[in-house]
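Here the structure is laid out as C-alpha cells; the discussion comes afterwards.
We did not get these values from a lab; they are worked out from the coordinates using the rules stated. Only a predicted model underlies this, so the values are computations on that prediction, with no experimental measurement involved. Reconstructed Cβ throughout: ideal geometry from the backbone, glycine too, with neighbour counts over all protein chains shown.
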Amino acid sequence: MPYHIRMADTYHTTALPSYDEALSKVLARVAVLDEASVPLGGALGRVLCQDIVADRDQPPFDRSAMDGYAVRVGELAADQQQPIVATIPAGGVADPGCDLTAGVARIATGAAVPGAYDAVIPVEQANESSGGQCVSFSTADVKSGACIHRHGADARAGQVLIPAGTLLGAPHIGIAAAVGAVMLTVKHRPSVSLITTGDEVRPPATATNDLEAQHIRNSNGPMLDALLSGLGTELMDHVHVVDDPDATRAAAQEALTKSDLVVTVGGVSAGRRDYLPSVWEALGLETIVKGVAIQPGKPVLIAQPVDNCEKLVIGLPGNPVSVLATAHLFVWPVVRAMLGLSPALPWRRVWLSHEVKPNPRREAFRPARLIGDTRDQVEMIHWQGSGDLVHTSTSSGFLRIPAQEQTLQPGSQARFLPMIGGDL
Ligand code: AMP
Ligand code: MG
C-alpha cells in the first residue's frame, strides 16, 4: 500500500522542542540577580527589592483639594454674605489670633483645612465683596467633606505603599519621594554583551559607496541594543566578528567574562561558516537548547557554562525578523526572570480577521497588527520572509499560529504578543 514519506525536515523538526518546552528548559537555568542600592533619580524601570512603607498617614492632614473657602456647611445659605476671617496658604496656617468660628477662611489647594471647617467651596462658586472682607456663594448645596482630601484617606502610617517586586514606574518614584525613601534597594540590571557575526555585515556608519553589492549594514546590532535597553539591561559591549573560528572564540570568551547574559546574532545555523555552536562547545558550555520547532527562529541556541550557572548565552539566528521574534520569545522572558519578575509575557487573546494557513510542522510567530475599534482583531502583514524588516516594521507584534494541518478560519481565536515599545 502506498504511503507518504515527508521531507527530511519533518523528521528533524519533530525532534525539536516546542517553544513552550524550550522556554521552560531555559527558564529553569536562569539565576535571579543580586540587589543594589540606587538613588531615587536612577530608580525608574528598576525592580524594587524592598517594601516602600508610609512613614505618615497619607495625606498627613485634611488637605484642601481646591483653591476656595473653608466653610461650615451647617451655616451656609445661598447668596448670604460671610465674613472672611483668615487666609490659609499651602504650607501655612491661619493666624493664631483669629476666631475661625466667626466666618469662613480663604484657602489654597494643598493647605491644611482647620478642624473648625468641614468643606471647601471652590473660588469659581464664590463672590468676594467689601474689598475682600466678605464672600457669598452661588450655592448652599454643599456636602460635608466636599473638596477635602481627608487625613489618612489614601494610606495609614506603616502601610505598604509599593511592595517588593514592583517594576518601578513614574508614580512609584513619586510615592517613594513622598515617604522620604531616597535610596532604594533594587535588582541589579542584567549586564549583557552582544556579539554580531558575518563577513557580509558592515558597520551602520559605512558610506553607501564603500559597500559592495553583496554587503549589508549591521541592522541587528542597533536593533538589539534598543530592545535590550528597553528591557532594563545594561549593555556592556557590542562587538562584531567576522566568520572566523579564532575571532569568534576570542569574542565569545571575553563576552562571557564580562556579562550575565551573552546574546549573539547569526552564525548558529548549519552553514559551514556558522562557528558559534562549536565555539561554545569548545569553551566547555552545556547546550540547553539547539533548535526549536518555531518559524522564524528555528536555529536558536542556548547554552550555559557548566561551572557558572549565573551566566547564560542566547544565540539568535541572523535574519532580522528572526532576531526580532526570538528576542521577544527568549531574551525578554529570560531578562524578566533574571530580574525576579514573572517571565510570563503579555500575550493577548485576539480574533483573526482573515484565514491563516499554519505551518503543520512548526509553530509560527508572524508579524501582524491589531485592527478594529477595540484592537482585538489581528491581521498578518504582507512580507517577504524573515529577512524583511521593512514590512515587519508596519506590524505591532507577533501572531502565534499553532503547528497544525487545518487552516484557521476568520474569527478564530489566537494569541498575539505586542512588540516591545510598540504602538498598539
Ligand atoms: P546567519 O544566521 O549568520 O546565517 O545569517 C542569516 C541572515 O541574516 C544572512 O542573510 C545575514 O546576512 C543576515 N544577518 C546576519 N547578521 C546580521 C546583522 N547583524 N544585520 C543584518 N543582517 C544580518
Ligand atoms: Mg552568518
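Inter-label distance, ARG415 to ASP79: 6.7 nm, where each label sits 7 Å from its Cα along the C-beta direction.
Projecting the Cα positions of GLY232, PRO89, LEU285 onto the charge dipole of the chain (unit charges on Cβ atoms of Lys, Arg, Asp and Glu, taken about the Cα centre) puts LEU285 furthest along the positive direction.
Based on the Cβ-Cβ distance of ARG273 and GLN50, what FRET efficiency does E = 1/(1 + (r/R0)^6) give at R0 = 51 Å, to the nearest 0.05? It comes out at approximately 0.55.
Go ahead and run the numbers for FRET between THR206 and VAL93, Cβ-Cβ distance against an R0 of 60 Å, rounding to 0.05.
On the way: r = 68 Å, r/R0 = 1.13.
Computed FRET efficiency for THR206 and VAL93: 0.30.
Overall, segment 231-309 carries a charge dipole of about 340 debye about its Cα centre when +1 sits on the Cβ of Lys and Arg and -1 on the Cβ of Asp and Glu, all other atoms neutral.
In terms of overall dimensions, segment 348-418 has a Cα radius of gyration and Dmax of 11.4, 34 angstrom.
Extension gain for ALA28-ARG349 works out to 112.9 nm (0.36 nm per residue, less the C-alpha to C-alpha distance). Think of segment 348-418 as a dipole: +1 on every Lys or Arg Cβ, -1 on every Asp or Glu Cβ, centred on the Cα centre; then among LEU370, PHE416, SER395, PHE416 lies furthest on the positive end.
What shape does segment 80-199 have by the C-alpha gyration tensor, where a ≥ b ≥ c are the square roots of the eigenvalues, rounded means a/c under 1.5, and otherwise prolate means a/b greater than b/c and oblate the rest?
Verdict is prolate for segment 80-199.
Taken about its Cα centre, segment 11-63 carries a charge dipole of roughly 220 debye when the Cβ of each Lys and Arg holds +1 and the Cβ of each Asp and Glu holds -1.
Quick one: Cα centre-to-centre distance for segment 247-288 and segment 355-424, in angstrom? Between the Cα centres of segment 247-288 and segment 355-424 lies a distance of 31 Å.
Rank by packing, highest mean first: peptides 285-295, 271-281, 76-86, with packing defined as the count of other Cβ atoms within 10 Å averaged across residues. Before the final figure, lay out the partial values.
Details: 285-295: 20.2, 271-281: 17.8, 76-86: 14.7.
So the order, starting with the most tightly packed, is 285-295, 271-281, 76-86.
What is the sum of charges, Lys and Arg at +1 and Asp and Glu at -1, for the other residues whose Cβ falls under 11 Å from the Cβ of VAL47? In short, +3. On a C-alpha basis, how far is the centre of segment 200-230 from the centre of segment 53-95 in Å? Whole number, if you could? Taking the Cα centre of each part, segment 200-230 and segment 53-95 sit 62 Å apart.
Would you work out the charge dipole size for the chain about its Cα centre, treating the Cβ of every Lys and Arg as +1 and the Cβ of every Asp and Glu as -1, and quote it to the nearest 20 debye? Spell out each step's value before the answer.
Numbers: 33 positive and 44 negative charges, 228 e Å.
The dipole of the chain has a size of about 1100 debye.
Check the straight Cα-Cα distances from LYS357 and name the aspartates and glutamates below 15 Å, setting aside those fewer than 8 residues away within the same chain. Excluding near neighbours in sequence, the set is GLU379, GLU405. One chain, two ends: GLU234 and PHE61. Fully extended at 0.36 nm per residue, the span grows by 58.1 nm beyond their Cα-Cα distance. The residues packed around VAL313, meaning those with a beta-carbon under 11 Å from its beta-carbon, carry a net charge of 0 if Lys and Arg are +1 and Asp and Glu are -1. Which distance in nm do the two modelled labels at ALA36 and VAL123 give, with both placed 7 Å along the Cα-to-Cβ direction? With each label placed 7 Å out from Cα toward Cβ, I get 4.6 nm. A Gaussian network model of the chain, with springs between Cα atoms under 10 Å, assigns the largest mean-square fluctuation among SER18, SER64, SER353 to SER64.
Taking each DSSP H run with n ≥ 4 as -39500 (n - 2.57) and averaging over every residue of the chain yields -5000 deg cm²/dmol at 222 nm.
Along the axis of the charge dipole computed for segment 37-180 (Cβ charges of +1 for Lys and Arg, -1 for Asp and Glu, origin at the Cα centre), the listed residues SER130, ALA112, VAL142 are led at the positive end by ALA112.
Could you give me D for the chain, from Stokes-Einstein at 37 °C and 0.692 mPa s, where the hydrodynamic radius is the Kirkwood radius over C-alpha pairs? Units µm² s⁻¹, please.
On the way: Rh = 26.1 Å.
Estimated diffusion coefficient is 126 µm²/s.
For segment 6-164, just say rounded, prolate or oblate: build the C-alpha gyration tensor, square-root its eigenvalues into a ≥ b ≥ c, call rounded for a/c under 1.5, and beyond that prolate if a/b exceeds b/c, oblate if not. Here segment 6-164 falls in the prolate category. Listed by chain and number, the lysines placed with their C-alpha closer than 22 angstrom to that of LYS25 are LYS290, LYS298, LYS311; residues fewer than eight positions away on the same chain are left out.
What net charge is computed for the residues neighbouring GLY397, neighbours being all others with C-beta under 12 Å from the C-beta of GLY397, Lys and Arg scored +1, Asp and Glu -1? Before the final figure, lay out the partial values.
Numbers: positive: ARG348, ARG366, ARG369, ARG375, ARG400, ARG415; negative: GLU379, ASP423.
Surrounding charge for GLY397 is +4.
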